[in-house]
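Notes follow once the structure below has been shown.
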Amino acid sequence: MIWVTEAKALPDFRLWVRFSDGTEGEINLKDFIAKDARPIVAALRDPIAFSALRVDMDTVVWDNGFDLAPEFLHAQAKAHAPA
């Protein structure tokens, strides 16, 4: 199982994430946040709310309680990694 070991918010709704397997990279969540109508996600359209994140247990969690599965984040980081 892969889990998040470090994360930080970057400008323009991006994350930098490091995983337990040593993989690390940036993940662009701008489109995801813009298109998801759930109120818990829509709240993250505020850059201050988006930047209020932490690593809790095995993944990224925002102060409003929203989280994303570490497997999803890992797949996104690998998909956007430089070749």
Scoring only Lys, Arg, Asp and Glu (+1, +1, -1, -1) among other residues with Cβ under 13 Å from the Cβ of Asp36 yields +3
What percent does the relative contact order of the chain come to when contacts are Cα pairs within less than 8 Å and at least six residues apart? 31
Rg (Å, one decimal) plus Dmax (Å, integer) for the alpha carbons of the chain? 11.9, 36
Helix 70-79 versus the longest principal axis of the chain: what angle, 0 to 90°, nearest 10, using Cα atoms? 70
Nearest 0.05, what FRET efficiency do Asp12 and Ala69 give at R0 = 25 Å with Cβ-Cβ as r? 0.65
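What value, in deg cm²/dmol to 500, does the helix sum -39500 (n - 2.57) over DSSP H runs of n ≥ 4 give at 222 nm once divided by the residues of the chain?
Using -39500 (n - 2.57) per qualifying helix, the result is -7000 deg cm²/dmol.
Any read-out appearing in this document is the output of simple, stated calculations on the displayed coordinates, not a laboratory observation. Computed from a predicted model, the values in this text were never measured in an experiment. FYI the Cβ positions are ideal-geometry reconstructions off the backbone, even for glycines, and counts take in every protein chain you see.
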